[in-house]
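Would you mind keeping the following structure in view while I ask a few things?
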Amino acid sequence: MLDVIIIGGGASGFGCALTLASVEDKFTWAKDKKYMIIDDNNSDIEKARFYNLTGVDFGISGSDLLNNMKTQLANYKSVEFNRAKAVKIVDIDGGFEVITTNGDYRAKIVVIATGMHSFDIECDGVELLEHKDVLKPNKIFLKNDNLKIRDNLFVVGLASGAKTMFAIANGEGARVACDIFKIWTGKPMVAHDSIKN
C-alpha cells in the first residue's frame, strides 16, 4: 500500500508530491514512504505561459514548466508518476483504493488535485460546489474544511476553491504535504533545505 496518492499532475499536485518526496532522506519517519501521482495529461498548465512566477524563466511555457517539475521530481525515489485517469475512490480498511484506467492502487491518504473544470471521479462524501471566485463561469470546487474533505482525504489547488494562480495552487499542495507530515509525526513539520557547510 502506498502512503499517499495524488490525483492530478498540475501546480498543486506537483507541489504536494515534491514536498512529500523531498524529506525521504531527512527523517527516519519518512524513509520508507511511497507516493504516486496519477495524472491524465490534461492540465491547464499546458495552455499557459508564465510571466509572474518567482524563480522560473520569465515567459516560460506551461509545457516547459511541467517538464521541469517532472525532472525535479525524478530526483526522488519515493514517488512515481502514473499516466492514467482516476475513475473511482473507494474506502477500504486502512485507506483508499483508487480505480484508474490502467489499474487499481491503494493508499492510506488521497489528495485530489484535479482542477476546477469538472469532477467525474466517483467518491463518497465529495460534494461539488460552484467556484465563484474565478473569472470564468460554470467552474466547480469540492467542499472542504481547510483543504480536508474528511479524514485522510484532501483537496488542493483549484479543486479546493483556490484562485487560478499557479503560485497559490502550488502552495496549497505544499501545505497539505506539511499537514500530512503532522499526521505522521503528531507535531508541526515542514520541508526545509539548507546549504551544508
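Values in this text are rule-based calculations from the coordinates and carry no lab data. None of the values given here were measured: they were computed from a predicted structure. Don't worry about glycine lacking a Cβ; one is built from the backbone with ideal geometry, like all the others, and counts go over all protein chains shown.
Among (1) touching a helix residue (DSSP H, G or I) at 6+ places or on another chain (Cβ under 8 Å); (2) surrounded by fewer than 14 Cβ atoms within 10 Å (Cβ to Cβ); (3) of a type in the set (Asp, Glu), where does Asp32 come up short?
Only one criterion in (1) touching a helix residue (DSSP H, G or I) at 6+ places or on another chain (Cβ under 8 Å); (2) surrounded by fewer than 14 Cβ atoms within 10 Å (Cβ to Cβ); (3) of a type in the set (Asp, Glu) is unmet by Asp32, namely (1).
Give Ser61, Ser43, Ser12 a once-over and let me know the one that is of a type in the set (Gly, Ala, Ser) and touching a strand residue (DSSP E or B) at 6+ places or on another chain (Cβ under 6 Å).
On inspection, the qualifying residue turns out to be Ser61.
While we're here: Looking only at the stretch 72-79, decide whether some residue is in contact with a strand residue (DSSP E or B) (Cβ under 6 Å, 6 or more places away or on another chain), part of a strand (DSSP E or B) and surrounded by fewer than 14 Cβ atoms within 10 Å (Cβ to Cβ).
no
Can you tell me which residue within the stretch 35-66, out of those that are in a loop (DSSP other than H, G, I, E, B) and among the small types (Gly, Ala, Ser), is surrounded by the most Cβ atoms within 10 Å (Cβ to Cβ)?
Going through the qualifying residues, I end up with Ser43.
Related question: Filter the stretch 138-166 for residues that are touching a Ser or Thr at 6+ places or on another chain (Cβ under 7 Å) and touching a residue at least 60 places away in the same chain (Cβ under 8 Å) and give the result.
Across the stretch 138-166, the qualifying residues are Val156, Gly157, Leu158, Ala159.
Looking only at the stretch 107-137, count every residue that is aliphatic (A, V, I, L, M), touching a Gly at 6+ places or on another chain (Cβ under 8 Å) and without any contact (Cβ under 8 Å) to a residue 40 or more places away in the chain and tell me the total.
Result for the stretch 107-137: 1.
Continuing with this model, one more query. How many residues are of a type in the set (Asp, Glu) and closer than 17 Å to Ser118 by Cβ if we restrict to the stretch 43-59?
2
Follow-up. Taking Arg83, is it surrounded by fewer than 20 Cβ atoms within 10 Å (Cβ to Cβ), in contact (Cβ under 8 Å) with a residue 24 or more places away in the chain and closer than 24 Å to Leu147 by Cα?
no
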